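The values are calculated or read from the model by the stated rules, or taken from the named source; none is laboratory data. Since this is a predicted model, take the numbers as computed values, not measurements. Cβ placement follows ideal geometry from the backbone for every residue including glycine, while neighbour counts extend to all protein chains displayed. To get the accessible areas, we keep the full protein, side chains included, count just its heavy atoms, and leave off ligands, DNA and RNA. Shrake-Rupley method; radii C 1.70, N 1.55, O 1.52, S 1.80 Å.
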Amino acid sequence: MDKTIALSRKAIESGYTGRCTIIEYRDIVVDYETRTEEVKVIENQPCKLSKKTISPTSQFEIAPTVAYAPQLFIAPEIKIKPGSIIIITQNSVTRKFERSGESFVYATHQEIILQRVDKA
(Lines give C-alpha, C1' and ligand atoms only; values in the text may rest on other atoms or scores of the structure.)
Protein backbone atom coordinates (compact mmCIF):
# COMPACT_ATOMS: atom_id res chain seq x y z
CA MET A 1 0.00 0.00 0.00
CA ASP A 2 1.23 3.47 -0.87
CA LYS A 3 2.55 5.31 2.20
CA THR A 4 0.31 8.33 1.51
CA ILE A 5 -2.77 6.11 1.28
CA ALA A 6 -1.77 4.29 4.47
CA LEU A 7 -1.39 7.58 6.35
CA SER A 8 -4.68 8.90 4.96
CA ARG A 9 -6.48 5.70 5.93
CA LYS A 10 -5.04 5.87 9.45
CA ALA A 11 -6.26 9.48 9.78
CA ILE A 12 -9.76 8.59 8.58
CA GLU A 13 -9.99 5.54 10.84
CA SER A 14 -8.92 7.61 13.86
CA GLY A 15 -12.36 9.22 13.58
CA TYR A 16 -14.22 5.90 13.75
CA THR A 17 -16.05 6.28 17.05
CA GLY A 18 -18.77 3.71 16.36
CA ARG A 19 -19.11 -0.05 16.13
CA CYS A 20 -21.45 -1.86 13.78
CA THR A 21 -23.07 -5.22 13.18
CA ILE A 22 -23.94 -6.18 9.62
CA ILE A 23 -26.79 -8.57 8.90
CA GLU A 24 -27.57 -10.00 5.46
CA TYR A 25 -30.58 -11.86 4.17
CA ARG A 26 -29.56 -15.34 3.05
CA ASP A 27 -31.43 -18.35 1.73
CA ILE A 28 -31.25 -21.21 4.24
CA VAL A 29 -32.44 -24.75 3.45
CA VAL A 30 -34.29 -26.38 6.36
CA ASP A 31 -35.98 -29.76 5.85
CA TYR A 32 -35.93 -29.37 2.05
CA GLU A 33 -37.55 -25.94 2.34
CA THR A 34 -35.69 -22.76 1.41
CA ARG A 35 -36.26 -19.83 3.74
CA THR A 36 -34.79 -16.37 3.74
CA GLU A 37 -33.31 -15.54 7.13
CA GLU A 38 -31.24 -12.79 8.69
CA VAL A 39 -27.62 -13.86 9.19
CA LYS A 40 -25.09 -11.83 11.18
CA VAL A 41 -21.97 -11.61 8.97
CA ILE A 42 -19.87 -8.98 10.78
CA GLU A 43 -19.94 -7.87 14.40
CA ASN A 44 -18.22 -5.11 16.39
CA GLN A 45 -16.63 -3.53 13.29
CA PRO A 46 -15.18 -0.01 13.79
CA CYS A 47 -17.04 2.62 11.75
CA LYS A 48 -18.37 6.16 11.75
CA LEU A 49 -21.96 7.24 11.26
CA SER A 50 -22.44 10.68 9.78
CA LYS A 51 -25.23 12.53 8.02
CA LYS A 52 -25.26 13.62 4.44
CA THR A 53 -28.33 15.88 4.79
CA ILE A 54 -30.81 16.60 7.55
CA SER A 55 -34.36 18.00 7.60
CA PRO A 56 -36.89 18.70 10.35
CA THR A 57 -39.59 16.11 11.03
CA SER A 58 -42.77 16.49 9.05
CA GLN A 59 -45.67 18.08 10.94
CA PHE A 60 -48.30 16.55 8.64
CA GLU A 61 -47.78 12.91 9.56
CA ILE A 62 -49.39 11.08 12.48
CA ALA A 63 -46.04 9.56 13.47
CA PRO A 64 -43.28 12.03 12.62
CA THR A 65 -40.52 10.53 10.51
CA VAL A 66 -36.85 11.31 10.84
CA ALA A 67 -35.73 12.89 7.56
CA TYR A 68 -32.00 12.72 7.00
CA ALA A 69 -29.56 10.74 4.89
CA PRO A 70 -27.30 8.74 7.22
CA GLN A 71 -23.92 7.79 5.79
CA LEU A 72 -21.64 5.00 7.01
CA PHE A 73 -17.85 5.22 6.78
CA ILE A 74 -16.08 1.87 7.15
CA ALA A 75 -12.89 0.07 6.07
CA PRO A 76 -12.68 -0.56 2.30
CA GLU A 77 -12.14 -4.33 2.55
CA ILE A 78 -15.43 -4.96 4.40
CA LYS A 79 -18.01 -6.49 2.05
CA ILE A 80 -21.52 -5.11 2.57
CA LYS A 81 -24.23 -6.21 0.19
CA PRO A 82 -26.87 -3.67 -0.81
CA GLY A 83 -30.02 -4.30 1.22
CA SER A 84 -28.16 -5.34 4.37
CA ILE A 85 -29.31 -4.41 7.87
CA ILE A 86 -26.71 -2.40 9.76
CA ILE A 87 -26.87 -1.74 13.50
CA ILE A 88 -24.55 1.04 14.66
CA THR A 89 -23.65 2.11 18.19
CA GLN A 90 -21.89 5.46 18.37
CA ASN A 91 -21.68 7.92 21.27
CA SER A 92 -23.76 5.54 23.44
CA VAL A 93 -26.66 5.62 20.94
CA THR A 94 -27.70 2.55 18.95
CA ARG A 95 -29.56 2.91 15.65
CA LYS A 96 -30.80 0.30 13.23
CA PHE A 97 -30.71 0.87 9.49
CA GLU A 98 -32.21 -1.19 6.70
CA ARG A 99 -31.80 -1.35 2.95
CA SER A 100 -28.19 -0.22 2.82
CA GLY A 101 -27.27 1.30 -0.52
CA GLU A 102 -24.49 0.43 -2.90
CA SER A 103 -21.04 0.98 -1.48
CA PHE A 104 -18.67 3.61 -2.86
CA VAL A 105 -15.21 2.19 -2.24
CA TYR A 106 -12.09 4.34 -2.08
CA ALA A 107 -8.48 3.33 -1.29
CA THR A 108 -8.85 4.60 2.29
CA HIS A 109 -12.48 3.85 3.17
CA GLN A 110 -15.92 3.20 1.78
CA GLU A 111 -19.14 5.18 2.10
CA ILE A 112 -22.64 3.73 2.19
CA ILE A 113 -25.92 5.64 2.34
CA LEU A 114 -28.37 4.05 4.79
CA GLN A 115 -32.09 4.20 5.53
CA ARG A 116 -33.22 4.40 9.14
CA VAL A 117 -35.75 1.85 10.39
CA ASP A 118 -37.50 3.60 13.28
CA LYS A 119 -39.66 6.70 13.59
CA ALA A 120 -39.03 9.79 15.70
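Regarding S84, is this residue in contact with a strand residue (DSSP E or B) (Cβ under 8 Å, 6 or more places away or on another chain), surrounded by 17 or more Cβ atoms within 10 Å (Cβ to Cβ) and farther than 13 Å from I23 by Cα? Full working, then the answer.
Values: in contact with a strand residue (DSSP E or B) (Cβ under 8 Å, 6 or more places away or on another chain): yes; surrounded by 17 or more Cβ atoms within 10 Å (Cβ to Cβ): yes; farther than 13 Å from I23 by Cα: no.
No: the conditions fail for S84.
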Do we find that I22 is modelled with pLDDT of 95 or more and of a type in the set (V, I, T) in this structure? yes
Could you tell me whether any residue of region 69-76 is open to solvent by 80 Å² or more (accessible area, probe 1.4 Å) and at pLDDT below 95? no
In region 77-93, what residues are under 17 Å from V41 (Cα atoms) and either free of Cβ contacts under 8 Å to residues at least 60 places away in the same chain or touching a Leu at 6+ places or on another chain (Cβ under 7 Å) (or both)? E77, I78, K79, I80, K81, P82, G83, I86, I88
Answer with yes or no whether F97 is of a type in the set (F, W, Y), open to solvent by less than 90 Å² (accessible area, probe 1.4 Å) and modelled with pLDDT under 95. yes
Which of the residues spanning region 89-120 are in a loop (DSSP other than H, G, I, E, B) and within 18 Å of E24 (Cβ to Cβ)? R99, S100, G101, E102, S103, L114, V117
Please pick out the residue among K40, K48 that is in a strand (DSSP E or B), modelled with pLDDT of 95 or more, open to solvent by less than 90 Å² (accessible area, probe 1.4 Å) and among the charged types (D, E, K, R). K48
